[in-house]
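The values are calculated or read from the model by the stated rules, or taken from the named source; none is laboratory data. Computed from a prediction, not measured in an experiment: that's the story for all the values here. For neighbour counting, all protein chains shown are included, and Cβ atoms are generated from backbone atoms with ideal geometry for every residue, glycine included.
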Amino acid sequence: MRLSLLALPALMFACDPSEDTAEFTTGDFSFQTVAVDDACFDGGFAVLFMPDGADTPADFGSSITVPAEADLPSSYTVNLADPFNDMDVEVTGSGNTRTIVGAQNTDVELDADAYPGCLVDMSIDVDLTISSADEVSGTATLNTSSFDEANCPVVDTDPCTITLDIVGTR
């Protein structure tokens, strides 16, 4: 009986979900948007993040570094595809989570064809969960504001929120 009681903590540690990420190392990940919730323009901006439709994930265009826990906090510049600008981020977290709060992306022309010259500002928060050494998933919340130029669409609220469900693989 004593051996069973001593083995219980070892079994509990072996079942710890963070153990799957114990070997997670800093690396570059290819991200895709897999779903969009557009509370800005009645779904009108969803096509920018998933241009081939809601059933077809869309690549970000360039890889993004996800740091290991030992490298946190970590500050660096994320290179984003047009229409977004490169963005400075600070990543925090612990265990199998990584978080970015309040990253700024300003003067973004979300849809140059439909709304030429409409520049918006975004505060971006990201919550990621490490699923394995080679896969992460989570949400990016884009708090979008400054729809004040003449060609901007009329939005219900300013700021408004666009939420992206994202996945990243090494």
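Would you be able to say whether some residue in the stretch 147-158 is under 18 Å from A39 (Cα atoms) and of a type in the set (F, W, Y)?
So far as the stretch 147-158 goes, yes, one or more of its residues are under 18 Å from A39 (Cα atoms) and of a type in the set (F, W, Y).
Per-residue answers, yes or no, for (1) of a type in the set (G, A, S); (2) touching a Phe, Trp or Tyr at 6+ places or on another chain (Cβ under 6 Å); (3) on the phi < 0 side of the Ramachandran plot:
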| position | (1), (2), (3) |
| --- | --- |
| V36 | no, yes, yes |
| A39 | yes, no, yes |
| V47 | no, no, yes |
| M50 | no, no, yes |
| D59 | no, no, yes |
| E69 | no, no, yes |
| T92 | no, no, yes |
| R98 | no, no, yes |
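Here is a list of conditions, (1) touching a residue at least 24 places away in the same chain (Cβ under 8 Å); (2) under 16 Å from the mean Cα position of the chain (by Cα); (3) assigned to a loop (DSSP other than H, G, I, E, B), and V136 meets all of them except one; can you say which number that is?
If we test V136 against (1) touching a residue at least 24 places away in the same chain (Cβ under 8 Å); (2) under 16 Å from the mean Cα position of the chain (by Cα); (3) assigned to a loop (DSSP other than H, G, I, E, B), just (3) comes out false.
Just to be sure before I move on: is T106 closer than 17 Å to G44 by Cβ, loosely packed, with under 15 Cβ neighbours inside 10 Å and either touching a strand residue (DSSP E or B) at 6+ places or on another chain (Cβ under 7 Å) or hydroxyl-bearing (S, T, Y) (or both) in the structure I sent?
no
Which residues, taken from the stretch 103-133, are small (G, A, S) and either assigned to a strand (DSSP E or B) or farther than 22 Å from D86 by Cβ (or both)?
Correct list: A103, A114, S123, S131, S132, A133.
Could you please find all residues in the stretch 27-45 being of a type outside the set (F, W, Y) and part of a loop (DSSP other than H, G, I, E, B)?
Residues satisfying the conditions are A39, C40, D42, G43, G44.
For the stretch 125-152, enumerate the residues that are in contact with a Phe, Trp or Tyr (Cβ under 7 Å, 6 or more places away or on another chain) and surrounded by fewer than 16 Cβ atoms within 10 Å (Cβ to Cβ).
If the condition is that a residue be in contact with a Phe, Trp or Tyr (Cβ under 7 Å, 6 or more places away or on another chain) and surrounded by fewer than 16 Cβ atoms within 10 Å (Cβ to Cβ), then A133, N151 are the ones that fit.
Which of the following residues is free of Cβ contacts under 8 Å to residues at least 60 places away in the same chain, more than 19 Å from A103 (Cα to Cα), within 15 Å of the chain's Cα centre (by Cα) and surrounded by fewer than 17 Cβ atoms within 10 Å (Cβ to Cβ): D86, D37, D59, D55?
D59
Please find, within the stretch 20-45, the residue that is farthest from R170 (Cα to Cα) out of those that are at pLDDT 95 or above and β-branched (V, I, T).
V36
Looking at the stretch 89-102, which of its residues are part of a strand (DSSP E or B) and buried (at least 18 other Cβ atoms within 10 Å of the Cβ)?
Answer for the stretch 89-102, where residues must be part of a strand (DSSP E or B) and buried (at least 18 other Cβ atoms within 10 Å of the Cβ): V89, V91, R98, I100.
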